[in-house]
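Engineer: Provided herewith is a single structure, encoded as structure tokens, for subsequent inquiry.
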Amino acid sequence: MSITGSSIEPQVERLYAELAERGIKLRPHCWVSLEWFSPDGVPGIAVPFYLLHPRLRRLERRMMREVDGGNEKWAMRILRHEAGHAVDTAYRLRRRRAYRDTFGSPSVPYPHEYRPRPGSRRFVQHLGLWYAQSHPTEDFAETFAVWLRPLSPWRSHYAGWPALAKLECVDDLMHDLRGVPAVVRSRAHIEPLVADRHTLAEHYAARIAWYHRDSRSPRRDRLIARALTTEATPGHRTAAQLLRRHKPRLRREVAANLGASEYEVHQVLRWLSLRCVTRGLYLRGDQRSAARRLERLVTALLADFHRARGPRVAV
């Protein structure tokens with residue numbers, strides 16, 4: 001399997017064009033692995049194997065409910081984020097005082113979980129799940145991604161937000177790097193797919209088990225148990241299928257009813273969808289009132305997330 005000639009190659013080339021347009025000489029090398037990441041010490045990007053073939057994309061969607069980076073827009077958002085890590089590594093930006101004063105110390109231990117603040121304006125919103133709040137290096141990568149996007153209206157969109165100072169810091173740092181060769185030039189491949197000996201069945205069993213331990217909450221479990229069940233009813237759609245069908249309306253109407261942002265509701269819907277898939281859940285009761293009962297469940301979950309200062313999110 002190779003990125004060359006695959007469906008992800010055009011997005012990689014587009015990333016390179018965006019970096020060139022900004023005067024950044026680095027072209028992060030890419031390799032195939034199990035998931036997206038950019039490792040410390042290597043200014044490159046690992047791309048998940050399932051993006052390289054249509055059959056693998058279908059398998060990923062069937063097993064995990066969604067394909068991370070499965071369309072062009074989504075893939076570019078992730079590539080820009082990972083490019084932020086690669087630029088950080090290539091130019092050793094975290095050693096600069098401006099970086100540390102703005103984003104915090106990169107030596108802070110990386111958490112296994114973090115408790116985000118959905119309403120905070122100190123961070124940009126890019127990948128979702130308030131990821132910039134998880135660690136200073138993720139804060140930088142997310143801010144870089146917002147800055148890099150062509151025609152990004154970041155100055156107006158984040159006007160009045162403390163996050164604007166972070167975007168201006170990235171703008172200043174990148175201005176200093178225009179035309180400058182990378183300092184760290186390692187072309188190593190970390191955790192390449194060719195070194196992995198697990199079967200697809202073992203791979204997905206491990207991933208599903210990992211998600212099962214996400215966001216444990218007795219109250220949330222009770223809310224889900226009242227509305228959903230593992231008992232299949234002949235002819236009924238799964239809860240995940242119903243959520244997918246009603247997601248746009250739920251996101252819009254729950255946000256309006258609670259005065260919340262659609263962004264917040266979207267994250268709760270993603271969390272619930274994954275729970276429905278990994279647990280094999282169905283909606284209780286008849287299908288005619290399914291939309292109304294789903295709306296009540298999502299509303300209750302969003303309120304509970306707010307009560308706990310947001311869902312606990314695995315990094």
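The values are calculated or read from the model by the stated rules, or taken from the named source; none is laboratory data. Treat the numbers as computed from the prediction; the structure is a model and nothing was measured. Backbone-built Cβ (ideal geometry, glycine too); neighbour counts: all protein chains shown.
Engineer: Identify, from the list ALA132, ALA182, ALA188, ALA206, the residue that is free of Cβ contacts under 8 Å to residues at least 40 places away in the same chain, within 23 Å of ALA46 (Cα to Cα) and not assigned by TED's automatic domain parsing to the domain that holds PRO28.
Structural biologist: ALA206
Engineer: Now for a separate question. Give the number of residues within region 246-261 that are part of a helix (DSSP H, G or I) and surrounded by fewer than 16 Cβ atoms within 10 Å (Cβ to Cβ).
Structural biologist: 6
Engineer: Residues of region 228-258 being in contact with a strand residue (DSSP E or B) (Cβ under 7 Å, 6 or more places away or on another chain) and either under 16 Å from TRP271 (Cα atoms) or not assigned by TED's automatic domain parsing to the domain that holds LEU269 (or both), which ones?
Structural biologist: Hits for region 228-258 are LEU228, THR238, ALA239, LEU242.
Engineer: So which of ALA195, ALA201, ALA165 is assigned by TED's automatic domain parsing to the domain that holds ALA86 and of a type in the set (Gly, Ala, Ser)?
Structural biologist: Only one candidate passes the filter, namely ALA165.
Engineer: Of all residues in region 10-36, which are free of Cβ contacts under 8 Å to residues at least 60 places away in the same chain, under 20 Å from the mean Cα position of the chain (by Cα) and outside any loop (DSSP other than H, G, I, E, B)?
Structural biologist: CYS30
Engineer: Here's something else I'd like to know. Has region 166-184 got at least one residue that is under 22 Å from TRP271 (Cβ atoms) and not in a loop (DSSP other than H, G, I, E, B)? Can you show your working first?
Structural biologist: Filtering region 166-184 down to residues under 22 Å from TRP271 (Cβ atoms) leaves none.
Checked region 166-184: no residue is under 22 Å from TRP271 (Cβ atoms) and not in a loop (DSSP other than H, G, I, E, B).
Engineer: Which condition number does ARG288 fail, the rest of (1) more than 30 Å from GLU138 (Cβ to Cβ); (2) out of contact with any strand residue (DSSP E or B) (no Cβ under 7 Å at 6 or more places or on another chain); (3) modelled with pLDDT of 80 or more being met?
Structural biologist: Status for ARG288: all satisfied but (3).
Engineer: Oh, and also: Can you name the residue in region 1-20 that is under 12 Å from TRP31 (Cα atoms) and of a type in the set (A, V, I, L, M, F, W, C) and, of all such residues, is surrounded by the most Cβ atoms within 10 Å (Cβ to Cβ)?
Structural biologist: VAL12
Engineer: Criterion first (farther than 24 Å from PRO39 by Cα, assigned to a loop (DSSP other than H, G, I, E, B) and either small (Gly, Ala, Ser) or in contact with a helix residue (DSSP H, G or I) (Cβ under 7 Å, 6 or more places away or on another chain) (or both)) does ALA201 satisfy it?
Structural biologist: Details: farther than 24 Å from PRO39 by Cα: yes; assigned to a loop (DSSP other than H, G, I, E, B): no; either small (Gly, Ala, Ser) or in contact with a helix residue (DSSP H, G or I) (Cβ under 7 Å, 6 or more places away or on another chain) (or both): yes.
When the stated conditions are applied, ALA201 does not pass them.
Per-residue answers, yes or no, for (1) surrounded by 23 or more Cβ atoms within 10 Å (Cβ to Cβ); (2) assigned to a helix (DSSP H, G or I); (3) touching a residue at least 60 places away in the same chain (Cβ under 8 Å):
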{"position": "LYS73", "(1), (2), (3)": "no, yes, no"}
{"position": "MET76", "(1), (2), (3)": "no, yes, yes"}
{"position": "THR89", "(1), (2), (3)": "yes, yes, yes"}
{"position": "PRO109", "(1), (2), (3)": "no, no, no"}
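Engineer: Please determine, by comparing only the residues of region 37-53 that are in a helix (DSSP H, G or I) and touching a residue at least 24 places away in the same chain (Cβ under 8 Å), which one is surrounded by the most Cβ atoms within 10 Å (Cβ to Cβ).
Structural biologist: It comes out as LEU51.
Engineer: I've got another one for you. For the list (1) surrounded by fewer than 16 Cβ atoms within 10 Å (Cβ to Cβ); (2) in contact with a helix residue (DSSP H, G or I) (Cβ under 7 Å, 6 or more places away or on another chain), I need the number of the one condition that THR137 fails.
Structural biologist: Condition (1) is where THR137 drops out.
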